[in-house]
Amino acid sequence: MIREKVTIQDYERISSENEYYIWHFVRKTNMGPRTIYSVFDEPNHNRPNQLKTFLEICNIPYFESYVEDSVNFIDNLIPLSWIWNENDKNFNTFVIGFNKRRMVTSTLHGHCLCIEGISEIIYKLNPDFIEQINLD
């Protein structure tokens, strides 16, 4: 299973090596007690990371970057106003589903930043990833 913490400079490599993949853009600052956060960092609370648990059974390539370091890249895909949270003066986290170099959909396109929303993104990319999950 591919699970990598990357930067935008890795995009060309990632898009040439992977037909389908999801890219999670996380904040550098503490996100509080959410269940969808970086799969590489340990939370400061006792809730399990639902995304990490889900990715243990779903074999889609997963990449993760800091949203703050990816603003110029993101701006070429979606309006930055979609990810800026005026209330806390910081960026929101989100997941994008890619088919090679093409953004297919994201949690900003009507899918919640939850396991169900991420599952929908993966299903739209390629239903085989969801259909091949073995829950035994």
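Since every read-out is calculated from the coordinates, none of them should be taken as a lab result. What you are looking at is a predicted structure, and each value in this text was computed from that prediction instead of being measured. Heads up, the Cβs are rebuilt from the backbone with ideal geometry, glycines too, and the neighbour counts pull from every protein chain shown.
Quick look at the values:
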item: Ser70 more than 17 Å from Ile118 (Cβ to Cβ), touching a helix residue (DSSP H, G or I) at 6+ places or on another chain (Cβ under 6 Å), surrounded by 15 or more Cβ atoms within 10 Å (Cβ to Cβ) and small (Gly, Ala, Ser); result: yes
item: Close pairs from segment 105-118: first closer than 15 Å to Leu51 by Cβ and free of Cβ contacts under 8 Å to residues at least 40 places away in the same chain, partner among the aliphatic types (A, V, I, L, M) and crowded, with 18+ Cβ neighbours inside 10 Å, Cβ under 6 Å, at least 6 apart; result: Ser106/Ile96; Thr107/Val95; Thr107/Leu113; His111/Ile121
item: Extreme residue, surrounded by the fewest Cβ atoms within 10 Å (Cβ to Cβ), among residues of segment 97-108 that are touching a helix residue (DSSP H, G or I) at 6+ places or on another chain (Cβ under 8 Å) and not in a loop (DSSP other than H, G, I, E, B); result: Asn99
